[in-house]
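Undergrad: I'd like to ask some things about the structure below.
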Amino acid sequence: MVIYLILIALLGSAAGLEAEKVGIVHMHGFWQAYDEQHHLDFKNFVEEKTGVKVHLIDAFNDLAMPPAESSITPLNVQVPAILKMVKNIAAQYDKIIAVGFSQGGVIWRAMIESWDNHNVDTFISIAAPQSGQAGIPPKYLASLGNLPFVKMAQSEGKTMSEADLKLLPYDPRVQQTFAPSNYYRNPATYQYYMSTEFFPKLNNEAGDAEEKRRQKMNFERLRKLILIGGPDEETIVPWQSEMFGFITADDKIVPMKKTTFYKKNLFGLKTLEKKGAIKKCIKEGLKHNDFPNSSEVLNGCVLPAIQDVLSG
């Protein structure tokens, strides 16, 4: 009888030690599709090395003008639609690892903050403007004239001067038709930024008290936050935004711990840092689109984060 009871106890313990089921959900960036080669490379590498299934979110792909849905669609439309898909995937797992590249990292943060009782264990943010985009990347300036809202501004007599370019993304018509304007946050025009809907609310700079409490609680639910980026980035301005740092109106870099987000603990960034949940993985020599499938990033940043989840 004693031996029987011991065997039952051992079997129960073994069942309790059964590995939790883990999945990875990956969101692509602006002007991209889920099946871009560097995202497929990410998926193939991770699945081969870890055996964990990677779900590439097939939504809001490429670049198409409204009313078609694409990566240009405003984020207040993208986030709830993608979250609905993500919840269906997440229901298959005990816990998931969220991976967001570029704009996809902002989308993932918005989903986490709005998802009560989520099962996101670790959030891997890859080259994402988490503190916002302070300016228009030089490589995009030449193609701006082809965008409808630029033609609209020019038809109203506005020039594409530096002053106009700083204010144009705040125009409500741009906010409602061009996703990157939703996280545009130029420190020289902060009062205009605060008049926008998406990013100030995401950062708990605006909104009602209950919503702020809820968003902060959901973000603080993360066990780990992995921030990946680097100084040779040519798209995110400044690149330190990938590390939750930013820049002042006179171009001085503000590290994460000196930002208002952190000091006031607006959405839980300080909470995560204080409990050792944040890991910054900075890689030099990489351009923006190099990050998703760089061997340095995959082996040095992504793989250790996944193995940490699996070993937990």
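Undergrad: Most fluctuating residue of Pro187, Pro138, Pro66 in a GNM of the chain with Cα springs under 10 Å: which is it?
TA: Per the Cα network of the chain with a 10 Å cutoff, Pro138 tops the list.
Undergrad: Sticking with this structure for a sec: Helix-only estimate, please: 222 nm mean residue ellipticity of the chain, summing -39500 (n - 2.57) across DSSP H runs of length 4 or more and dividing by its residues, to the nearest 500.
TA: On the way: 14 runs with 119 residues, N = 312.
Calculated from helices alone, the mean residue ellipticity at 222 nm is -10500 deg cm²/dmol.
Undergrad: For the chain, state what percent of all Cα-Cα pairs lands in each successive 10 Å bin, counting from 0 Å until the bin that includes the largest distance.
TA: 6, 27, 35, 21, 7, 3, 2, 1, 0, 0
Undergrad: List every residue whose amide H lies under 5 Å from the amide H of Ile278, counting only residues 5 or more places away in sequence or on a different chain, with H placed 1.01 Å from N in the peptide plane.
TA: It is Leu225, by chain and number.
Undergrad: Here is a further query. Using the Kirkwood radius built from alpha carbon pairs, what does the Stokes-Einstein equation give as D for the stretch 198-312 at 10 °C and 1.306 mPa s, in µm² per second?
TA: Translational D for this selection: 103 µm²/s.
Undergrad: When DSSP assigns beta bridges and you keep just the ones with both residues in the chain, what percent turn out antiparallel, to the nearest 5?
TA: That works out to approximately 5 percent antiparallel.
Undergrad: Search the structure for amide H atoms under 5 Å from the amide H of Phe30, placed 1.01 Å from N in the peptide plane, and list their residues when 5 or more places away or on another chain.
TA: Gln103, Gly104
Undergrad: Over the stretch 210-298, what is the relative contact order in percent, taking alpha-carbon pairs closer than 8 angstrom and at least six residues apart?
TA: Across the stretch 210-298, relative contact order equals 37 percent.
Undergrad: Evaluate the relative contact order of the chain (contact order divided by residue number), counting alpha-carbon pairs under 8 angstrom at least 6 apart; express in whole percent.
TA: Result for the chain is 18 percent.
Undergrad: For a 25 Å ceiling on Cα separation, which of these pairs sit above it: Lys95/Lys280; Lys201/Lys287; Lys87/Lys283; Lys21/Lys43?
TA: On the way: Lys95/Lys280 22 Å; Lys201/Lys287 30 Å; Lys87/Lys283 32 Å; Lys21/Lys43 17 Å.
Checking Cα-Cα distances, Lys201/Lys287; Lys87/Lys283 exceed 25 Å.
Undergrad: Can you tell which of Gln92, Gly29, Ser70 lies farthest toward the positive end of the dipole of the chain, using +1 and -1 charges on the Cβ of basic and acidic side chains (Lys, Arg; Asp, Glu)?
TA: Gln92
Undergrad: Using a simple charge model, +1 on the beta-carbon of Lys and Arg, -1 on the beta-carbon of Asp and Glu, nothing else, what dipole does the chain show about its Cα centre, in debye to the nearest 20?
TA: So the dipole magnitude of the chain works out to roughly 980 debye.
Values quoted throughout were computed directly from the atomic coordinates according to the rules given, and no laboratory measurement underlies them. Quick caveat, the model's predicted, so the values are computed rather than measured. Methodologically, a virtual Cβ is constructed for each residue, glycine included, from the backbone with ideal geometry; neighbour enumeration extends over all protein chains shown.
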